[in-house]
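Comments concern the structure below.
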Amino acid sequence: MSEQDTIFSKIIRREIPADIIYEDETTLAFKDINPQAPIHILVIPKKPIPNLANATSEDHILMGNLLLTAKQVAQEQGLQNGYRVVINNGIDAGQTVFHLHLHILGGRPMQWPPG
Ligand code: 5GP
């Protein structure tokens, strides 16, 4: 297992199960195992970028694909009243899995500011 090999790499390789709802060549989306809202989906690049701080200009198409996938998934999940997209970057942000991911949270009103 390499330094960048996380639980999400295992999900990409189908070594552990996940409720996958979208996949293409570069991107995967699946339900969060510990949902914080009625709908809580993670959108990840297949490339094992640890977090946003480690993305580079070479990743600009990939980064755009992640956001557009989040929009598409949210639409398909019926979140027409709104949703939140979150990236936790690093320890202070509460990041626990060091494979870049977008959280899509929806299905209830969200509070602001977040904790
Ligand atoms: P972070 O705190 O790093 O921003 O978010 C990591 C997210 O991954 C958490 O919301 C956590 O519930 C989710 N997660 C951790 N392990 C697994 C897993 O094995 N399967 C799925 N589907 N989600 C996971």
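Can you go through 12, 39, 49 and tell me which one is open to solvent by less than 70 Å² (accessible area, probe 1.4 Å), more than 10 Å from the ligand (Cβ to nearest atom), touching a Lys or Arg at 6+ places or on another chain (Cβ under 7 Å) and at negative phi? 12 is the lone residue from the list that is open to solvent by less than 70 Å² (accessible area, probe 1.4 Å), more than 10 Å from the ligand (Cβ to nearest atom), touching a Lys or Arg at 6+ places or on another chain (Cβ under 7 Å) and at negative phi. Restricted to segment 27-36, and to residues there that are in contact (Cβ under 8 Å) with a residue 24 or more places away in the chain and surrounded by 15 or more Cβ atoms within 10 Å (Cβ to Cβ), the residue that is farthest from the ligand (Cβ to nearest atom) is 27. The set of residues from segment 87-104 being open to solvent by 20 Å² or more (accessible area, probe 1.4 Å) and not in a loop (DSSP other than H, G, I, E, B) comprises 91, 92, 93, 103. The C-beta contact set for segment 50-65 (first residue touching a residue at least 60 places away in the same chain (Cβ under 8 Å), second residue surrounded by 10 or more Cβ atoms within 10 Å (Cβ to Cβ) and of a type in the set (Gly, Ala, Ser), distance under 9 angstrom, 6+ apart or interchain) is empty.
The values are calculated or read from the model by the stated rules, or taken from the named source; none is laboratory data. For clarity, every value in this text was computed on a predicted model and none was experimentally measured. Using ideal geometry, Cβ is built from the backbone for each residue, glycine included, and neighbour counts are taken over all protein chains shown. Ligands, DNA and RNA are excluded from the accessible area calculation, which covers all protein heavy atoms including side chains. Shrake-Rupley method; radii C 1.70, N 1.55, O 1.52, S 1.80 Å.
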